[in-house]
1. So, restricting to helices (runs of 4 or more DSSP H) that lie completely within the stretch 20-134, which ones have at least 1 residues that are under 24 Å from GLY375 (Cβ atoms) and either touching a residue at least 60 places away in the same chain (Cβ under 8 Å) or not aromatic (Phe, Trp, Tyr) (or both)?
2. Looking only at residues that are modelled with pLDDT of 95 or more and among the small types (Gly, Ala, Ser) in the stretch 22-48, which one is surrounded by the most Cβ atoms within 10 Å (Cβ to Cβ)?
3. Inspect all residues belonging to the stretch 458-473 and state whether any of them is over 26 Å from the mean Cα position of the chain (by Cα), in a strand (DSSP E or B), crowded, with 21+ Cβ neighbours inside 10 Å and at pLDDT 90 or above.
4. Can you tell me which residue is farthest from the chain's Cα centre (by Cα) among those in the stretch 212-249 that are polar (S, T, N, Q) and in a strand (DSSP E or B)?
5. In the set ALA454, ALA400, ALA441, which member is of a type in the set (A, V, I, L, M, F, W, C), without any contact (Cβ under 8 Å) to a residue 40 or more places away in the chain and under 30 Å from VAL173 (Cα atoms)?
6. Return a yes/no flag: does the stretch 159-175 have any residue that is more than 30 Å from ARG415 (Cβ to Cβ), in contact with a strand residue (DSSP E or B) (Cβ under 9 Å, 6 or more places away or on another chain) and either among the aliphatic types (A, V, I, L, M) or part of a helix (DSSP H, G or I) (or both).
7. Give GLY358, GLY252 a once-over and let me know the one that is under 22 Å from the mean Cα position of the chain (by Cα) and under 30 Å from PHE387 (Cβ atoms).
Amino acid sequence: MATVAELIGVQSQNPGPGLLGPAGLRYRHSEIAAQAATRAALFGDRHRPGTQPHIGVLLGNTDEFVFWLSAAALAGAALVGVNPTRRGAELARDIRHAECELLVTSRAHLPLLAGLGLEELSLLVVDSPEYREALAPYRGAKPADVVPAAPVTEDTRLLLYFTSGSTGAPKAVTCVQGRVAASGAAMVERFGLTASDVCYIPMPMFHGNAILANWGPALVAGATVALRDRFSASGFLPDVRAYQATYFTYVGRAISYILATPEHPADAVNPLRAGFGTEAGPRDRERFERRFGCRLSEGYGASEGGINLVAPRTFPPSVLARGAAVGTTDPTLAILDLDTGEPCPPAAFDPAGRLLNGAAAIGELVRTGPGGFTGYWNNPAADAERFSEGRYRSGDLFYADTDGWLYFAARKADRMRVDGENISVALLEAILARWEPVEAAAAYAIPDEVTGDAVMCALVLKQDTAFDPEAFTDFLAAQPDLGTKMPPRYLRIAAALTTTATEKVSRYVLREQGWWDVGGDAVWAREARGAGYARLGEVQ
């Protein structure tokens with residue numbers, strides 16, 4: 001296993017194209033390494049000896065982000081990806097919690113820092129004359145010239161990135177150089193990436209997906225990275241064509257947003273050959289592949305890195321009938337009952353693929369040993385919750401069939417238990433996505449008035465489509481894999497779904513809003529199982 005610093009040293013001899021961006025931005029691999037060495041040397045002279053070297057970066061996906069990420073690797077420092085969608089006290093909390101001794105930002109982001117009480121923080125503003133002057137004495141530095149704060153090894157911390165916050169307050173995950181290098185090598189092997197590939201990064205680089213599944217593989221392969229400052233569904237295909245991108249990564253609802261753009265008969269005329277990500281439903285993956293001629297591979301993995309699964313390219317027909325499996329189990333993995341901690345029994349299905357024993361089969365996926373998890377920054381309570389008794393606890397709910405195929409059910413925080421039965425949020429959302437008027441769907445639990453949970457779903461309908469309660473009731477009745485306790489009690493017909501900066505649905509926000517704080521959205525409800533839906537306030 002290599003370190004990222006070693007990989008940068010290798011690429012410093014590579015004269016091939018390494019970085020593309022808007023407005024003609026173009027750097028060779030050798031030039032990226034030189035830019036990184038310049039910044040690493042600057043940081044080395046400013047670093048306070050005896051402290052943990054953390055460099056905060058508050059930028060979009062720009063060349064400077066790439067330069068400072070590479071500089072951090074050479075300097076033996078950790079780059080802290082600061083989320084620019086955070087505001088006020090939350091933004092200040094992230095920067096302070098990560099103990100950034102330097103913050104690299106731009107003039108456009110400076111207003112976000114105003115009034116936060118961070119005056120003591122050392123700033124570098126990348127589009128200022130002062131920044132150019134600060135770099136000038138270090139021009140000409142090479143990776144081999146950099147003297148790191150401490151010897152760089154595979155266990156040297158490279159990243160602190162915050163969890164997406166889709167289920168609660170973000171935590172700062174630590175990630176070491178060896179993990180980034182190993183992940184990059186695995187993705188290169190998985191997708192056959194070479195120096196001739198162009199890896200398009202539309203997801204934010206302050207989050208792990210863009211670095212571990214895209215920038216890292218490009219570094220290992222000597223491929224070219226193409227940047228989009230911020231994700232744009234309408235800009236996706238023009239970018240792919242302009243950069244001649246062959247590979248990209250995605251998370252959350254990104255694929256749904258791309259599919260919502262107007263179709264064109266020539267959409268499949270593009271150089272893409274592979275995409276990798278999480279949380280695109282089976283229906284959206286099929287539509288994307290048919291429309292753009294690009295194969296999508298789904299995986300499962302949390303920011304923490306304790307468990308990572310990559311789904312195969314093909315599935316047995318029996319598995320396809322049951323939903324979207326994310327991989328297969330192995331001796332290090334187990335699904336444990338949330339109440340007893342005992343192993344859950346295998347899932348049982350009817351001929352239509354409907355899960356029959358969700359109450360017993362759905363549990364938390366755990367792994368023996370920490371896997372790639374190296375802890376949260378300064379959060380021992382979260383560390384203990386995630387890794388205890390020699391097991392890494394994923395915090396996610398799964399079920400497995402008798403052949404060992406694993407099926408994602410829900411985030412633990414999104415658990416729904418209705419009349420004593422665990423409900424698979426992922427399966428319910430996949431079913432709802434089949435209804436033709438639906439553009440996007442999110443399922444979540446709100447408190448039942450008697451006990452347990454009531455199922456609520458937010459639906460975003462296609463443009464100029466009105467909600468038809470009778471047609472929706474008929475649709476539910478026709479779904480053979482819809483369990484008897486899965487139909488939603490409440491329906492929110494939403495203008496849009498609240499998402500995080502990584503395009504993941506913020507279900508905890510939806511849960512907090514319930515049916516009582518939905519703004520101008522309409523809410524429909526049914527009085528009893530099997531009954532029709534009526535506007536809230538009109539239920540008889």
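1. Those helices (runs of 4 or more DSSP H) span 63-75, 88-97.
2. The qualifying residue surrounded by the most Cβ atoms within 10 Å (Cβ to Cβ) is ALA40.
3. no
4. The selected residue is THR224.
5. Step by step, each of ALA454, ALA400, ALA441 is checked, and only ALA441 is of a type in the set (A, V, I, L, M, F, W, C), without any contact (Cβ under 8 Å) to a residue 40 or more places away in the chain and under 30 Å from VAL173 (Cα atoms).
6. no
7. The match here is GLY252.
Quick grid of which residues meet (1) modelled with pLDDT of 95 or more; (2) under 25 Å from the mean Cα position of the chain (by Cα); (3) among the polar types (S, T, N, Q):
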site	(1), (2), (3)
THR51	no, no, yes
ASN61	yes, yes, yes
LEU69	yes, yes, no
LEU79	yes, yes, no
ARG87	no, yes, no
HIS97	no, yes, no
GLU119	no, no, no
GLU133	yes, no, no
TYR138	yes, no, no
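The values are calculated or read from the model by the stated rules, or taken from the named source; none is laboratory data. From a predicted model like this one, the values you see are computed outputs, not experimental measurements. Note: ideal-geometry Cβ built from the backbone for every residue, glycine included; neighbour counts use all protein chains shown.
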